[in-house]
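Take a look at the structure set out below.
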Amino acid sequence: MEDDLLVTVEDGVAVLTMNRPDSMNAMSAGMMTAMRAALDRFAAEDAVGAIVLTGAGRAFCAGGDVKAMAGRSDYLGSNFEERVRELRHRMDIARLLHEMPKPTIAMLNGVAAGAGLSLALACDLRVAGESARMTTAFAKVGLSGDFGGIWFLHRLVGPAMARQLYFTAEMLDSARIAELGLARVVPDARLREETMALARSIAAGPRLAIAYMKRNARVAEEGRLSDLLDAEALHMNLTRATEDHKEAARAFVEKRAPVFKGR
């Protein structure tokens with residue numbers, strides 16, 4: 001359904017709201033299709049400098065629709081191979097959130113479970129309200145996990161803790177979330193204000209430089225130090241030639257705030 005994902009743009013920030021509040025924003029085929037299309041669109045849209053992902057109602061996202069799983073209505077393929085291909089296609093959303101050139105921020109307004117947690121972890125940054133909760137959840141329903149959650153956790157909290165969180169499906173409250181460094185925690189009443197302020201600040205920054213920062217971060221996650229140094233040398237010289245860098249240098253000399261144009 002088109003209404004399963006609401007999309008707005010505010011001050012250069014695209015806000016994607018998963019909109020199935022009656023099911024705690026459990027994923028649907030329509031939601032995933034709309035999310036992929038929105039991410040593809042905003043990755044190339046000059047008017048957007050950051051993306052915020054959140055959920056409607058009292059949850060961020062409860063992950064897969066377990067009721068649909070029980071009725072097997074979530075299977076879109078007619079055989080095993082087709083189901084594997086379809087799930088893999090849906091899971092590419094996690095890669096897009098992680099790799100697209102625009103910074104992505106998860107605004108955690110409630111529980112993030114299973115694949116919903118994976119989506120939050122795929123984002124560059126996470127801001128959580130005090131009532132937010134996180135759980136890998138998969139062990140509770142006899143599943144192994146999808147949407148790259150264990151890959152992201154491995155890098156965020158280390159291999160042993162990532163395994164523990166998957167094997168036990170422990171429910172993390174906001175204090176534990178903050179302790180593990182999984183999100184910045186703010187009062188519920190200030191969640192949207194704080195998240196949008198962060199997103200607007202990033203969107204107003206030097207967008208080409210930030211896009212190259214994301215590329216550097218990916219190399220740092222996956223490559224050797226020498227690979228990162230190569231990437232940094234290339235990207236520093238590319239950004240040195242941008243109008244944004246020249247504007248920032250002028251602003252520094254003139255003792256004023258730079259005005260970035262994303263060029």
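The values are calculated or read from the model by the stated rules, or taken from the named source; none is laboratory data. The structure displayed is predicted, hence computed values, not measured ones. Using ideal geometry, Cβ is built from the backbone for each residue, glycine included, and neighbour counts are taken over all protein chains shown. Surface areas here come from the heavy atoms of the whole protein model, side chains and all, with no ligands, DNA or RNA. Shrake-Rupley method; radii C 1.70, N 1.55, O 1.52, S 1.80 Å.
A few remarks follow.
- Among the criteria (1) at pLDDT below 90; (2) surrounded by fewer than 23 Cβ atoms within 10 Å (Cβ to Cβ); (3) touching a Gly at 6+ places or on another chain (Cβ under 7 Å), the one Arg72 does not fulfil is (3).
To keep it simple, each residue is scored yes or no on (1) open to solvent by 40 Å² or more (accessible area, probe 1.4 Å); (2) among the basic types (Lys, Arg); (3) touching a residue at least 60 places away in the same chain (Cβ under 8 Å).
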residue: Ile210; (1), (2), (3): no, no, yes
residue: Ala231; (1), (2), (3): no, no, no
residue: Met236; (1), (2), (3): yes, no, no
residue: Ala251; (1), (2), (3): no, no, no
residue: Arg263; (1), (2), (3): yes, yes, no
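- Considering residues of segment 134-147 that are out of contact with any Phe, Trp or Tyr (no Cβ under 9 Å at 6 or more places or on another chain) and in a helix (DSSP H, G or I) only, the residue modelled with the highest pLDDT: Lys140
- Count - residues of segment 109-131 that are touching a Lys or Arg at 6+ places or on another chain (Cβ under 9 Å), crowded, with 19+ Cβ neighbours inside 10 Å and not in a helix (DSSP H, G or I): 11
- Taken as a whole, the condition of being touching a His at 6+ places or on another chain (Cβ under 6 Å) and either of a type in the set (Lys, Arg) or not in a loop (DSSP other than H, G, I, E, B) (or both) does not apply to Ala106.
- Considering (1) at pLDDT 95 or above; (2) in contact with a helix residue (DSSP H, G or I) (Cβ under 8 Å, 6 or more places away or on another chain), the lone condition that Asp244 does not fulfil carries the number (1).
- Qualifying positions in segment 1-59 - in contact (Cβ under 8 Å) with a residue 60 or more places away in the chain and at positive phi: Asp11, Gly12, Met24, Asn25
- Residue count, segment 1-32 (criterion: outside any strand (DSSP E or B), polar (S, T, N, Q) and within 27 Å of Ile202 (Cβ to Cβ)): 2
- Residue within segment 76-98 that is open to solvent by 30 Å² or more (accessible area, probe 1.4 Å), modelled with pLDDT under 90, touching an Asp or Glu at 6+ places or on another chain (Cβ under 8 Å) and not charged (D, E, K, R) present: yes
- Only listed residue being of a type in the set (A, V, I, L, M, F, W, C) and surrounded by 15 or more Cβ atoms within 10 Å (Cβ to Cβ), chosen from Ala47, Ala37, Ala26: Ala26
- Verdict on Ala162 being out of contact with any strand residue (DSSP E or B) (no Cβ under 8 Å at 6 or more places or on another chain), in contact (Cβ under 8 Å) with a residue 60 or more places away in the chain and farther than 20 Å from Gly55 by Cβ: no
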